Structures are given as structure tokens and as C-alpha cells.
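Just below is one structure, and these are the notes that go with it.
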There are 2 protein chains.
Amino acid sequence: MKKPNLTIVKIGGKLIENEERLTSFLRDFAAVEGLKILIHGGGNMATEVAAKLGFPTQMIDGRRVTDANSLKVIVMTYGGFINKSIVAKLQALGSNAIGLCGADGRSIISKKRPVKEIDFGFVGDIEEVNSTFIGSLLEQGIVPVFSAISATREGQLLNTNGDSVAAEVAKAMCNTYATELYYCFEKKGVLANLQDEESVLPEIDPEKYRQLLANGLINDGMLPKLQNCFEALDHGVNKICLGDANILKTGNPCTKIVK
Amino acid sequence: MKKPNLTIVKIGGKLIENEERLTSFLRDFAAVEGLKILIHGGGNMATEVAAKLGFPTQMIDGRRVTDANSLKVIVMTYGGFINKSIVAKLQALGSNAIGLCGADGRSIISKKRPVKEIDFGFVGDIEEVNSTFIGSLLEQGIVPVFSAISATREGQLLNTNGDSVAAEVAKAMCNTYATELYYCFEKKGVLANLQDEESVLPEIDPEKYRQLLANGLINDGMLPKLQNCFEALDHGVNKICLGDANILKTGNPCTKIVK
């Protein structure tokens, strides 16, 4: 039996901060036919709100720590304002969206990241995606919109990497659906030359990935994204593309990740 | 055919602000058997966060106006932090909750309140409750948790009176379910004497309501609550009770509204 198509899109923080680009992207997303899921990051809103509320951003070894106050602000901004604003915009565009975090319907269960050298605080590593619940929403014609917040089985909300949420949701859903995963960020794709925004690599396979790694051509932000991609492909995700806010427009350049 | 039972509970802001009372209430709520829906207000969190963010609370004739900044903070706090915290707590108590606002699944559609003497800003009057969508969640064993935020058909989020949300949801659901509605606030019920916290009226029928009104014994906060109650009874809601955080405990005093 042919699996129904499912399109999963992750949009990054910088896109969300630009009202015009976000609206244009959401118009493209609303026009995608078939089942779909949106996952969003949050950009700088949490940092700005935290600063105004007098919560200093805690950093250890240059890495951000999610303390109780940061988590509160992340839930307010990513899980609240940004999530519901996107849902309202999609509804206006005719997409029957609902906004969720991982606690809702136990949809994304995680474990608090164990403390090794650094205690990252309220940060979650995903353990399980509730594909039955998410599938039941899709079958009702609903478009789930996830903020990158998961929860433990004990009900602790946890800040979670948005790229990982997208990859884990795709991996969980691809058993039932022919799943395509799109990562939308500020570049047109993975660049062969970081100084040249147009040097988009059209395709990366594992061999090419090893070459890029060996030549130090993959920057720190891209590394986990690509690792997520290859893992998702191995789990049966059909197609993965990385590109900018226009990624859903036909004929737009992007980087395709292939096995 | 006997309708399945549905329990709808509205909890007010002051209850939410008290961590201990909220936890105790949520334990009682999680223990309620059968289908259920929770609707929550927000208390002072929005005002406090708005003040810290430098958004002054706009008042006209002693009434609060929801300007664009207030709405942003309401969506962050009520729709985000408070909603998701309640969901996570209910999940930990074994209730499969999901947190929603009116934009999610077009569940609560409203109209921006028309400007007469006062422009209340982004405030919504409910037009339609999507009982099909809410019913489909209930049938899946899901417990919807609504913040008091609705949305227009055009996707504008609107601040909405929580008591009205509860009444409208009850009115929409009572066609399909034998519906009981509980209003949980800081008093043990409607008081015969405002100076005596123990003077709880066990029952109010329309005749008693007219008497109380005529004698000026119903304060401004209680008036719309009771109007909502009688309207909901007229629409077929089976039972309505007003009481404090212990309202769901057996044998606790409360005021029952009857036809």
C-alpha cells in the first residue's frame, strides 16, 4: 500500500524575526498539499524578554544554560507568543493549525540532559515521539505546529533543539507516511564556500559529507543539522532539503541530503 | 441514548497564582472520571510581566484596555507559560492534557468587540465554539486545557473573558454530552453576606437571583458570572456550581445554580 505523503518543515529563529519573510513562508507552507507539520525555533525573542525581565543569560564555556527563569521565558515566548501567532496566521491562510509543545498529548517525551562537564539546566534530549497522537491529528486534517519544547514523563518542560525535534518527528512518522523533511534557515543551503552565499551545494551524500568534514568546510551550526539529516535518512525519511525561507517555492535552490 | 458525561471547570486567576492550591486542585481535576475540559484565566502574571517589559496598563474609565502590547503579553503568559505549565502538571498526574487557545483548530471563534463609548482593543466576544473538533479530542481520551484567548476567522488573537469561554464551551458541548460546569474562584460560593466568607448560598434559582439583584447583593464581578450561568442552563447545561479550589472534593460547600 502506498504511504500518504507528509511534509515536515523546520523554520529557524532568524526567519521568525522577519515578519515579511515569515508571512511569505507561511503562505508557501499553507499551499503545500497533503499532510504537514511545522516545527519552529524562537530566535532572539527569549533573550530580549529575559533581559527586560532582569533574568541574565547564563553561559558556561560559551554555551547557554537554561535555568528555571530562562525556561519560563522560553515557554512564554516560543511556546506561547510565537507558537500561537503562527497558528493564528496559518488559520487565516486556511490551514487548520494547532499549536503544541511536547507536553501536549505527550507528543514529544524527553529526558533532562545528564550533567557531565556542564549542567545545561532544563534541556531535553528526545526519547520518544508519540506518532499515534500526531497521526490522529493529521488524519483529521489538522496541521500540528510544534515549538521546540519537550517534556519528561514526569511533566517537566524542557528546552529542546529544534533541528532535533524535526528529525525525531520525521523519524517517528516515516513508518506510516512517505516523509519529506525541510530545514529552513538563513542560507540558501549548505555552502561550498562560506564567503559566497550563492555557492549552494545541490546535493550531499555520505561520501561528500566526509570530504567536507575532512576539509573543515562544515561550520559548528551545520554539523548537528547534517548529522540529524543522515540519521533521519537511515531511519527511512524519503527526502531532506536544506534551504532558505523560499525552500517550498518550486525551482528554488537548496541542498538535498541523499544516501 | 444516554449522553456521556462531560465535566467543564473554569479556574480563576487567584487560584493559578497559588502554586500549592493549584497543585491540589489539579490533583482533584485529574481524578475526575469521564470526559473533561479545563479553562483557565491568568491572574496578575500578565500585568507584572507587562510592567517589567515597560508596557503600561492602559485604563479607560477604570476598565482595562487590551492594546497590542498587552495582547502580546497575554498570549505569552496565559497562552504560553500558564497553559503549558498546567498541561505538564496534568500529564504528570496521568491526565492526557493538551493546551489550546481559540485559534488552535479554530476551536473558539470570536469577533473583536465593537467600539462604542470605549475601545477595549483586542478583546473578543465569542461567536462560535467548534464542538466537533473539541469532541474529537475528548473521544480520543484527551483533556483540552483552554487559555481564555480566542481568535477571529481572520486569525486575530483576542483576549477573552474566561467565564464566558467556559459558558460558551459548555453551551456548545451540551448537545452531545451531559455537561456539568464548575466555576472555581476565591470564594466558597456566592455569599449571602459579603463580609461573611461562610455565608454560602447553597442554591440560586432565577427567583432568588432577581431578589439578590433587587437588594444589591450581587457584586460587579459576580453579575456576569451568574448571567453566564443562567444562559448556559437555558441552553441545556445540566448542572452549574460556583465554589473555591476544593469544589471538586466531595461534600465541599458551593453554590448550585438551578432553573
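Okay, here's what the table says:
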| item | result |
| --- | --- |
| Meets criteria (under 18 Å from B:GLY41 (Cα atoms), within 12 Å of another protein chain (Cβ to nearest Cβ) and without any contact (Cβ under 8 Å) to a residue 60 or more places away in the chain) for B:SER107 | yes |
| Set A:ILE257, A:ILE204: member being at pLDDT 90 or above and within 17 Å of the chain's Cα centre (by Cα) | A:ILE257 |
| Residue among B:LYS112, B:LYS89, B:LYS116 that is over 11 Å from B:ILE149 (Cα atoms), among the charged types (D, E, K, R) and within 7 Å of chain A (Cβ to nearest Cβ) | B:LYS89 |
| Members of the stretch A:43-67 found to be farther than 16 Å from B:MET76 by Cα and either touching a Gly at 6+ places or on another chain (Cβ under 6 Å) or modelled with pLDDT of 95 or more (or both), listed by number | A:VAL65, A:THR66, A:ASP67 |
| Qualifying residue in the stretch A:192-213 (condition: in contact with a Leu (Cβ under 6 Å, 6 or more places away or on another chain) and in contact (Cβ under 8 Å) with a residue 40 or more places away in the chain) | no |
| Any hit, the stretch B:169-178, residues being within 14 Å of chain A (Cβ to nearest Cβ) and surrounded by 22 or more Cβ atoms within 10 Å (Cβ to Cβ) | no |
| In the stretch B:8-21, the residues that are crowded, with 21+ Cβ neighbours inside 10 Å and at pLDDT 90 or above | B:ILE8, B:VAL9, B:LYS10, B:ILE11 |
| Any hit, the stretch A:113-120, residues being acidic (Asp, Glu) and modelled with pLDDT of 95 or more | no |
| Selected residue (criterion: nearest to the other protein chains (Cβ to nearest Cβ)) from residues of the stretch A:119-139 that are crowded, with 16+ Cβ neighbours inside 10 Å and of a type in the set (S, T, N, Q) | A:SER136 |
| Flag if B:LYS36 is under 26 Å from A:PHE55 (Cβ atoms) and either modelled with pLDDT of 95 or more or in a helix (DSSP H, G or I) (or both) | no |
| Flag for A:ALA30 being of a type in the set (Gly, Ala, Ser), at pLDDT below 95 and in a helix (DSSP H, G or I) | no |
| Qualifying positions in the stretch A:70-84 - touching a strand residue (DSSP E or B) at 6+ places or on another chain (Cβ under 8 Å), at the interface with chain B (Cβ under 7 Å from one of its Cβ atoms) and not β-branched (Val, Ile, Thr) | A:GLY79, A:LYS84 |
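The values are calculated or read from the model by the stated rules, or taken from the named source; none is laboratory data. Note that this is a predicted model, so its numbers are computed, not measured. In this analysis, Cβ positions are derived from the backbone assuming ideal geometry, glycine residues included, and neighbour counts consider all displayed protein chains.
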